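The values are calculated or read from the model by the stated rules, or taken from the named source; none is laboratory data. In this text the structure is predicted, and so the values were computed from the model without any measurement. All Cβ positions, glycine included, derive from the backbone under ideal geometry; neighbour counts span all protein chains shown. Quick note on the areas: whole protein, heavy atoms, side chains included, nothing else; ligands and nucleic acids left out. Shrake-Rupley method; radii C 1.70, N 1.55, O 1.52, S 1.80 Å.
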Amino acid sequence: MKNKNYSAAHAKFLKRNRVRGILINVTRFGLLALVFALWEICAQTELIDPFITSSPSRIAATAAQLYRDGDLFYHIGITLMETLAGFAIAVIVGYAVAVLLYMSDSIRKVFEPYIVVLNSLPKIALGPLIIIWMGTGYTAIIFMTVIVAIIVCIMNTLTGFLSVDKTMLTLMKAMGASKRATLVKLIIPASLPTLINTLKVAVGLSWIGSIMGEYIVSRAGLGYLIVYGGQVFKLDLVMTATIILCILAGGMYGIIALIEKKLTR
Amino acid sequence: MILRFEDVGYTYHTLDGETEALKGLNFGISRGQFVSVIGPSGCGKSTILSLAAGLLTPSEGKVVRENAEFGYMLQRDALFPWRTVEANLFLPLEVKGKNTRMMRENALNLAEKYGLKDFLKKKPAELSGGMRQRVALIRTLAAQPDILLLDEPFSALDYQTRLEVCDDVQGIIKSEHKTALLVTHDISEAIALSDKVIVLSSRPAHVLAEHEIDFGGNNPKHRRECGQFAATFEKLREELGL
């Protein structure tokens with residue numbers, strides 16, 4: 001915004017850019033509306049069986065019913081709590097572990113193979129163990145969320161630390177900086193973009209963890225609603241919970257994108 | 001002598017074997033002198049700087065230092081992009097635990113004296129390559145070093161900027177009465193800037209010749225215009241075996 005007196009050509013360029021932005025947004029929402037409209041029409045005219053596919057109106061009715069029974073925000077709250085708790089623990093502990101691994105080459109070498117194996121292990125295989133160890137309450141689900149997300153958090157963060165510019169590291173060394181000073185003044189600020197990326201990946205993984213956890217155990221939450229709905233063939237309930245999940249996950253990602261914008265400006 | 005290398009040898013150890021970088025290296029720098037070290041590429045020039053700064057310990061011989069504070073200037077400016085120019089200048093103060101009001105003011109005075117005043121609040125990305133290297137020099141000077149170690153600080157710049165910046169840097173170092181040790185592979189740069197040029201052999205490096213340079217005053221530009229410039233260049237080129 002250095003110069004407000006744009007030339008005519010530049011004003012035209014800006015306008016074209018703005019129009020393009022609006023068009024893209026309109027098309028985006030239009031596409032969603034179109035899918036929902038088609039879905040509704042097909043269900044209404046029984047072109048598809050609404051008992052199996054549900055329909056937007058039935059989803060709205062189910063959500064309203066859940067709300068009237070006081071169940072809607074109860075289930076949302078439980079799942080949200082599990083996801084956020086798991087997310088926070090995975091990110092914070094993952095960061096701390098990455099710092100530890102970064103500080104000592106030897107520790108890193110020792111733990112590298114364990115991390116690689118844990119990363120490739122399908123975490124759901126630990127399901128039965130987790131139930132036996134931690135019961136069927138939400139601690140088990142939070143634990144599941146943490147183990148799903150934490151390994152990627154550690155690996156991503158560590159990669160970020162290790163890819164800090166070598167010249168800058170030499171500079172710190174030449175100034176006689178301690179490991180701690182190097183970490184605080186250089187490594188952590190330099191790897192901020194990686195941290196944001198890690199947060200984005202961790203959001204997705206946390207949702208996978210919490211819903212997977214709820215599939216295995218649990219008596220409440222959106223994952224529970226989906227499993228329960230599937231078992232009693234209430235596909236309206238399954239669809240409703242799924243749509244709510246989409247909205248929540250999108251919202252959480254949006255918050256992180258907002259934080260990114262704030263931090264990298 | 002503010003810095004003296006006495007029969008210094010240095011050997012690198014890697015899993016593939018050992019490399020003798022320096023052997024029987026002898027030279028000294030007096031306070032206020034601008035000394036350049038030239039030599040064939042890969043002859044261990046940067047090793048000399050690391051030894052001088054005490055980042056490495058010699059395998060043989062010893063490096064004798066007067067009680068002096070060292071400042072390092074690297075090939076690339078290595079300015080932290082998330083910090084403003086001002087905050088970059090304060091970095092060595094923070095790291096060395098010298099972040100006092102006086103030191104900060106001193107750094108800002110240097111910045112003002114050398115034309116960085118209007119850039120203090122800008123991010124490095126907004127500056128030209130030459131300006132960034134100037135910021136890097138002022139950053140090095142901010143910690144008030146007695147001797148500057150310059151590791152090919154101009155080699156990453158394009159030719160035009162390079163001429164401009166190397167005269168600029170030499171001028172600032174001279175007017176601040178600092179001692180400087182520059183390693184470079186650029187013969188003309190060494191002649192234009194230094195009071196003394198040290199020619200190294202290929203690996204393991206030792207001193208082949210030392211040349212005091214005193215024509216053309218202390219001004220790199222005048223020096224390049226001197227008749228002796230070409231003659232000196234030829235002589236050094238021959239010694240390097242190029």
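Can you send over the carbon and sulfur percentage of the accessible area for region A:8-48, probe radius 1.4 Å, protein chains only? Can you show the working numbers first?
Details: 2620 of 3630 Å².
Answer for region A:8-48 is 72 percent, counting heavy atoms of protein chains only.
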ask   = Highest GNM mean-square fluctuation, chain B, Cα pairs closer than 10 Å: which of B:Thr19, B:Thr47, B:Thr84?
value = B:Thr19
message = Only Cα pairs within less than 10 Å get springs; with that Gaussian network setup on chain A, which residue of A:Ile107, A:Ile131, A:Ile150 has the largest fluctuation?
response = A:Ile107
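Please compute the per residue accessible area over the protein assembly as shown with all protein chains in place, 1.4 Å probe, rounded to a whole number of Å².
Details: 26350 Å² over 507 residues.
Counting only protein heavy atoms, the per-residue value for the protein assembly as shown is 52 Å².
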ask   = Going toward the positive end of the dipole of region A:8-48, with +1 on Lys and Arg Cβ and -1 on Asp and Glu Cβ, which of A:Leu34, A:Ile48, A:Leu14 do you reach last?
value = A:Leu14
inquiry  = Going by Cα centres, region A:150-222 and region A:109-139 are how many Å apart?
reply    = 20 Å
ask   = At a 1.4 Å probe, which residues in region B:130-149 are at least 50 Å² less accessible with all protein chains present than in their chain isolated?
value = none
task = Grab the DSSP H runs of the protein assembly as shown that are 4 residues or longer, score each as -39,500 (n - 2.57), total them, divide by all residues and round the 222 nm result to the nearest 500 deg cm²/dmol.
result = -19500 deg cm²/dmol
key: Approximate shape of region A:37-125 as ellipsoid semi-axes (Cα gyration tensor, √5λ), whole Å, largest first   = 47, 19, 10
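With an 8 Å Cα cut-off and a minimum separation of 6 or more residues, compute the relative contact order for region B:139-242 in percent.
That works out to 23 percent.
In region B:179-238, what chymotrypsin sites (Phe, Trp or Tyr not before Pro) fall in a loop by DSSP, with at most 15 other Cβ atoms inside 10 Å? Walk me through the intermediate numbers first.
On the way: sites: B:Phe215, B:Phe229, B:Phe233; in loops: B:Phe215.
Listed in order of number, the matching sites are B:Phe215.
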note = The correct pair for the protein assembly as shown, radius of gyration to one decimal and Dmax as a whole number, both in Å and from Cα atoms, is 32.3, 98
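Please go through region B:85-163 and write out the trypsin sites (Lys or Arg not before Pro) that DSSP classes as loop and that have at most 15 other C-beta atoms within 10 Å.
Values: sites: B:Lys96, B:Lys98, B:Arg101, B:Arg104, B:Lys113, B:Lys117, B:Lys121, B:Lys122, B:Arg132, B:Arg134, B:Arg139, B:Arg162; in loops: B:Lys96, B:Lys98, B:Lys121, B:Lys122.
Taking region B:85-163 and a limit of 15 other Cβ atoms within 10 Å, the loop trypsin sites (Lys or Arg not before Pro) found are B:Lys121, B:Lys122.
Could you rank A:Phe161, A:Phe36 by how accessible they are, 1.4 Å probe, largest area first?
On the way: A:Phe161 0, A:Phe36 75 Å².
I get A:Phe36, A:Phe161, largest accessible area first.
Using a simple charge model, +1 on the beta-carbon of Lys and Arg, -1 on the beta-carbon of Asp and Glu, nothing else, what dipole does chain B show about its Cα centre, in debye to the nearest 20? List each step's numbers first, then the result.
On the way: 30 positive and 33 negative charges, 179 e Å.
Using Cβ point charges on Lys, Arg, Asp and Glu, chain B gives about 860 debye.
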Magnitude of the charge dipole, region A:59-263, Cβ model with Lys/Arg +1 and Asp/Glu -1, debye to 20 = 720 debye
remark   = Counting only DSSP beta bridges fully inside the protein assembly as shown, the antiparallel percentage to nearest 5 is 50 percent
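Count neighbours as other Cβ atoms within 10 Å of each site's Cβ, and list the chymotrypsin sites (Phe, Trp or Tyr not before Pro) in region A:183-265 that are DSSP loop with at most 13 such neighbours.
On the way: sites: A:Trp207, A:Tyr215, A:Tyr224, A:Tyr228, A:Phe233, A:Tyr253; in loops: A:Phe233.
Here the sparse-neighbourhood loop sites are A:Phe233.
Test of understanding: express the Cα radius of gyration of region A:59-263 as a ratio to 2.2 N^0.38 Å, with N the residue count.
Taking the Cα Rg and dividing by 2.2 N^0.38 Å, one obtains 1.21.
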task = Please state the charge dipole magnitude for region A:8-48, taken about the Cα centre, from unit charges on C-beta atoms (+1 on K and R, -1 on D and E), reported in debye and rounded to the nearest 20.
result = 640 debye
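Can you give me the Kirkwood hydrodynamic radius for chain B, using every pair of distinct Cα atoms, in Å to one decimal?
Values: mean 1/r = 0.0539 Å⁻¹.
Here the Kirkwood hydrodynamic radius works out to 18.6 Å.
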ask   = Å³ per residue of the Cα convex hull, for region A:8-48?
value = 44 Å³
